[in-house]
Amino acid sequence: MTGPSRRLPLRFSTQTLLLQLGVVLLVVLLSGAVHAWLTFERLGREAENQALTLARTVASDPSVRADVAAISRLPGTPPRDQLLAGPLMAAAEGARSRTGALFVVITDETGLRLAHPEAERLGERVSTDPSEALAGREVTTRNTGTLGPSAGAKVPVFAPGVGSGAGSGTAGPRTVVGEVSVGYSTETIGQSLARDIVPIAMTAAGSLLAGVLASFLLRRRLQRLTLGLEPEEISTLVHDQVAVLEGVDEGVVGVSADGRVSVFNAAAQRLLGQPDLSGTLWSGAPVPPQLKALTEADAREGEAVELIAGGRVLVASARKALHRQEDLGWVVMLRDRTELQHLTRQLDAVGTMSTALRAQRHEFANQLHTIAGFMSIGQHQQAREYLARLAATGPLKFPVDQAELLQDPYLQAFVGAKGVEADERGVALRIGPETLVRGQVTEPQDVTTVLGNLIDNAVNAAVAGSAGERWVELELLDEPSDDGGTLHIVVADSGDGLPGGTDPEDVFAEGFTTASGTVRPAGGQGLGLALARQLARRRGGDVRVLEPGGEGGPGAVFMATLPGTTNSSKDAQGRTGDKQASQRNDG
């Protein structure tokens, strides 16, 4: 037995067509209804104005005013037969028949009918409130009375004589002796609307036809643009693209064939320090010029270059995007090598310290043998003194002069490792006598990046220099502050200084090295000083040349300022001061 056949869902284009037709139909109906309502309101206002004009005409008739005033002065209301045959009834019915009004009603000052289209209503109180008119004010109304729904107006009737109107020749308060109420049937308004509804319906039908035609054309264009894909398929493609572009650590920049940025993923924004540049011209985008050079007509596809952007070392490459021989533009890939360089620098420091430890292994063995000898011959006091000296000086000695001036353990380890490296190359690393770091380093990554690059450049300059004695001198000073201390670094060397005629600012350009001139950045050289300056300026500091130096030494002097890199709290300063005082007392 087979189950019921499964209904296939409508295609997206068909659903869109039906939705558009429904919207067009709804808009046409709504527009027609609004137009009909506005027409009805206009006709109603015209009926009210026409009723107001007729009521004013009747109420200003001198004979009507005189007759109403005369009846108002009587102690009661005349009988119905007398009112039916009276002049007021004749005047009201004459006005009604001439104008086609539903009713023309005249009342006395108490609201009792003196004239009405239906004789049995004479002498009765009007069904609608006459207080506004009897108070001397004109008013337009829409209500339902004894004759049915109507749009009308109520106008007061003033007594003739004093204050009775223009041309009376007297002045004084006007006396209301009655009111005139005129109304036009809303059914008549509906009949007028029915005559006007024909062009409205024709306009709505034309609009509906145009909307249907436009919906069919839009459906065909939608099918061409989506290549016949359903929304689920398009959604899957978008999800895949987002997952690929946003789920990778590499920056991706797409440049369309017309020279605009079409893709700028989150990783590219982070690496370049820019907001989403999608839609902007690639030629005017605020990105390093090395990136733009990768997409030039004469650029070699796939060539990788190193550059510095936002304090990061990036490797960039570009490839041409083609689809069936159609040029779609360029795809630029960005990879971050900053962390790799930091890790490499730290591993080099650890390796250097490991080499120093292995070099002193025999010294440690000799020290242990010495202690064992003292103990074997019973010289316990000398063994204790020997152990005290070892505890005071430490088991590991870095080849750094005046290393004891550095109290921060991180600076001690890092500068000590650099001292071992410099010693292996025949360069003496020493700490200047003005060194004073009272706080603790809180941003070791930035500090070691700047300090390591300055020391490495100074060691290279000292090795390449012509001076007989090769040395590098380092001075550090921290400046206390409530929001983080500022570390000042000064590095000098015995090299030959900057090449003659070199602008001090040129040494901070990417690809510049004092050892071999300008080199290609892809080789990994010439980025140290540029990176150090960008890191310092990003923190609000700077790296600059204090002295360019000269041939034969001393060499160039560099100074770096790193705000917010030390903890300069009073507690840390107090502990540092106590430690320095204790060391001076022990010495």
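Quick note: the coordinates plus some simple rules give every number you see, no bench work behind them. Keep in mind that what you see is a predicted model, and the values were worked out from it rather than measured. Heads up, the Cβs are rebuilt from the backbone with ideal geometry, glycines too, and the neighbour counts pull from every protein chain shown.
In sequence order, segment 121-133 has phi-based couplings of 8, 5, x, 8, 7, 4, 7, 10, 5, x, 5, 4, 5 Hz under the Karplus curve 6.51 cos²θ - 1.76 cosθ + 1.60, θ = phi - 60°, and Gly or Pro positions carry x.
Here Ala365 and Glu385 are evaluated by their C-beta separation; at R0 = 22 Å the FRET efficiency comes out at 0.65. The alpha carbon convex hull volume per residue for segment 15-191 rounds to 134 Å³. Annotation: amide H-H contacts under 5 Å for Ser60 (H modelled 1.01 Å from N, sequence separation of 5 or more, or interchain): none. 3J(HN,Hα) along segment 467-475, derived from phi through the Karplus expression 6.51 cos²θ - 1.76 cosθ + 1.60 where θ = phi - 60°, amounts to 6, x, 9, 9, 8, 9, 10, 10, 10 Hz, with x in place of Gly and Pro. The alpha carbon centroids of segment 11-49 and segment 404-466 are separated by 82 Å. Take the Cα of Ala66, step 7 Å toward its Cβ, do the same at Gln269, and the gap between the two points is 9.0 nm. Fewest neighbouring Cβ atoms within 10 Å first, the residues Asp336, Asp81 line up as Asp81, Asp336. All other residues whose Cβ lies under 12 angstrom from that of Gly302 are scored, Lys and Arg at +1 and Asp and Glu at -1, for a net of +1. Here's how it looks for Val472: its modeled amide H is under 5 Å from those of Ala428, Leu429, Arg430, which are all 5 or more places away or on a different chain. Charge tally for Asn460 (other residues, Cβ to Cβ under 14 Å; Lys, Arg +1; Asp, Glu -1): -2.
With each label modelled as a point 7 angstrom along the Cα→C-beta vector, the Ala201-Glu303 pair spans 7.7 nm. Residue by residue, segment 86-99 carries 3J(HN,Hα) couplings of x, x, 5, 5, 5, 5, 5, 5, x, 5, 5, 5, 5, 9 Hz when phi is fed to the Karplus relation 6.51 cos²θ - 1.76 cosθ + 1.60 (θ = phi - 60°); x denotes Gly or Pro.
Fully extending the segment from Ala210 to Ser376, taken as 0.36 nm per residue of separation minus the present Cα-Cα distance, adds 48.4 nm.
Could you list Val139, Val157 in order of exposure, starting from the residue whose Cβ has the fewest other Cβ atoms within 10 Å?
Fewest-to-most Cβ neighbours within 10 Å comes out as Val139, Val157.
A Förster radius of 30 Å, combined with the Cβ-Cβ distance separating Glu479 from Ser278, puts the computed FRET efficiency at roughly 0.10. Over all Cα atoms in segment 440-509, the spread is summed up by Rg and Dmax: 14.6, 45 Å. If the segment from Thr39 to Asp542 were pulled out straight at 0.36 nm per residue, it would be longer than the present Cα-Cα gap by 173.5 nm. Compared with the direct C-alpha span, the chain from Asp327 to Ala464 gains 44.2 nm at full extension, assuming 0.36 nm per residue.
The charge dipole of segment 15-191, taken about the Cα centre with unit charges on the Cβ atoms of Lys, Arg (+1) and Asp, Glu (-1), comes to about 240 debye, rounded to the nearest 20. Arranged from fewest to most other beta-carbon atoms within 10 Å of their beta carbon, Asp298, Asp493, Asp401, Asp276 become Asp298, Asp276, Asp401, Asp493.
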